[in-house]
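Written below as structure tokens is the structure these notes are about.
The values are calculated or read from the model by the stated rules, or taken from the named source; none is laboratory data. None of these values were measured; they are calculated from a predicted model. Cβ placement follows ideal geometry from the backbone for every residue including glycine, while neighbour counts extend to all protein chains displayed.
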Amino acid sequence: MKKRIVVQKYGGSSVKDAERIKAVAQRIVSYKNKNTDIAVVVSAMADTTDDLETLAFQISKNPADREMDLLLSTGEQISCALLAMAVRELGFASVALTGYQVGVMTDNTHLKARVHHVDNKRINKAFKAGEIVIMAGYQGITEEGEITTLGRGGSDLSAVALAKAIKADVCEIYTDVTGIYTTDPRLVPEARKLEEITFDEMLEMASLGAQVMQARSIEVAKRFNIPLHVRSSYSREEGTMIVKTTKKIEDVAVTGVTSNKNEAKITICAVPDEPGVSARIFKAIAEAGVNVDVIVQNVSHTRKTDISFTVPKTDLAKAIQVAEETSAKIKAGQILHSKEIARVSIVGSGMRSHQGIAARMFDALAKASINIEMISTSEISISCIIALDKVDSAVKILHKAFQLEK
Ligand code: ADP
Ligand code: ASP
Ligand code: MG
């Protein structure tokens, strides 16, 4: 009989101290039997990764990416060693493995490396020996033997990539909430847990700021059709299934509301309105390695126009510098910028076939006197850039306006 293979991922919030590590170990062994092999992916304990990052910036304003990866990857090495010890204390064979020891092969883009493939030989050897595998999440190794990390929240991606490599029957994501909610349940207590959500909707929600799952992990799960079960490590309650298509016969218009406070806005004033100008601006910004998101350009009546766009807050300084240099070359005007903005978004597959969703969103924001600075849409989402200090209330207002608590 073929054995059942289970991948479980425990986030940092689930392994924040020794007590929690022991509790997680209890949970892991409760699933182990002679017909089930278990591979666990674990994140760094609680805020370890943030703390390591802070420490690095106390030493250097501009730490080298290579050493940053070497540093950040240590968090998961600690938690995986401790968790394997805790499992063994319960009388079960267990082995802790780093990304390097497993063979999580990545490209060499430090801090946001892409996974090429995950070797299953070491894991299968451990399974054969009857061991529960505990793998350090978030980290990989290049062909040249350099240690990399997979971007913040990257243990989700480690889990999905591992599930694919060892052909797991299930991939469970354990966190500190009982599943995926209509919006962040810590911000909106009325938020409702979803029984199911599609890969497309989850990808959109994650990309637009719902930190509960890393967006890239959902892309991979979607590509290989690996259903994910997001649930709590603190209870036995069933969580949310992330799947290709849900059981609902017709999609609801709006499934969730998300916000993102990590963007900033740049405006290049008085840009000459002629062919090739936008291309020059955004080419220069792309060459600086900055991802541009919402872009707004007005029609000009004076042969000059303003162009506004958003960038991640962490890239703002770099983007301003490039914008200033380019503005001088193309004879545009001054550069304005603001960090006091945020994005609020609604997401739902049913948007493709329901009319009037945008109007309802704008109307709800207008009634609360929230000014919309920029708008962007995709097939299944609508986002508004608004003032940072209004964004939490905007999430609550939209959650209510679309009756998501029901
Ligand atoms: P982990 O340490 O398990 O990786 P994260 O902190 O990365 O956990 O993600 C879990 C958190 O995501 C929750 O505590 C919750 O506040 C937040 N969150 C944001 N949006 C949602 C949502 N739509 N549904 C559930 N949780 C959400
Ligand atoms: N520890 C890493 C982070 O905090 C990876 C993860 O938790 O998924 O981003
Ligand atoms: Mg996470």
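Exactly one condition in (1) within 15 Å of the chain's Cα centre (by Cα); (2) buried (at least 21 other Cβ atoms within 10 Å of the Cβ); (3) away from ligand 2 (no atom under 15 Å from the Cβ) is not met by residue 157; state its number.
Only one criterion in (1) within 15 Å of the chain's Cα centre (by Cα); (2) buried (at least 21 other Cβ atoms within 10 Å of the Cβ); (3) away from ligand 2 (no atom under 15 Å from the Cβ) is unmet by residue 157, namely (3).
Could you tell me whether any residue of region 136-158 is among the basic types (Lys, Arg) and either more than 16 Å from ligand 3 (Cβ to nearest atom) or not in a loop (DSSP other than H, G, I, E, B) (or both)?
no
Within the bounds of region 184-193, is there any residue that is farther than 25 Å from residue 384 by Cα and of a type in the set (A, V, I, L, M)?
no
Just give me the residues in region 328-370 being touching a helix residue (DSSP H, G or I) at 6+ places or on another chain (Cβ under 6 Å) and of a type in the set (Asp, Glu), in sequence order.
340
I'm checking my understanding of the structure. Among residues of region 177-207 that are free of Cβ contacts under 8 Å to residues at least 12 places away in the same chain and within 16 Å of ligand 3 (Cβ to nearest atom), which one is surrounded by the most Cβ atoms within 10 Å (Cβ to Cβ)?
So the residue we want is 207.
Name the pairs whose Cβ atoms lie under 8 Å apart, with the first residue in region 260-272 and at positive phi, the second of a type outside the set (Ser, Thr, Tyr) and surrounded by fewer than 17 Cβ atoms within 10 Å (Cβ to Cβ), and 6 or more positions between them or separate chains?
Qualifying pairs under 8 Å: 270/304; 270/306; 270/333; 270/334.
Out of region 166-176, which residues are within 22 Å of residue 81 (Cα to Cα) and more than 10 Å from ligand 3 (Cβ to nearest atom)?
Correct list: 166, 171, 172, 174.
Which one of these does residue 310 not meet: (1) more than 30 Å from residue 191 (Cβ to Cβ); (2) modelled with pLDDT of 95 or more; (3) among the β-branched types (Val, Ile, Thr)?
(1)
Can you spot a residue in region 361-381 that is of a type in the set (Phe, Trp, Tyr) and closer than 22 Å to residue 263 by Cβ?
yes
Within region 29-72, work out how many residues are touching a strand residue (DSSP E or B) at 6+ places or on another chain (Cβ under 6 Å) and within 16 Å of ligand 3 (Cβ to nearest atom).
Summing the residues that are touching a strand residue (DSSP E or B) at 6+ places or on another chain (Cβ under 6 Å) and within 16 Å of ligand 3 (Cβ to nearest atom) in region 29-72 gives 4.
For region 144-169, give me the residue count where each residue is on the phi > 0 side of the Ramachandran plot and within 12 Å of ligand 1 (Cβ to nearest atom).
Of the residues in region 144-169, 1 are on the phi > 0 side of the Ramachandran plot and within 12 Å of ligand 1 (Cβ to nearest atom).
I need the full set of residues from region 13-42 which are touching a helix residue (DSSP H, G or I) at 6+ places or on another chain (Cβ under 7 Å) and within 16 Å of ligand 1 (Cβ to nearest atom), in order please.
14, 15, 20, 21, 24, 28, 40, 41, 42
Of everything in region 176-224, what is among the basic types (Lys, Arg) and within 15 Å of ligand 2 (Cβ to nearest atom)? Give them in sequence order.
216, the sole residue that qualifies.
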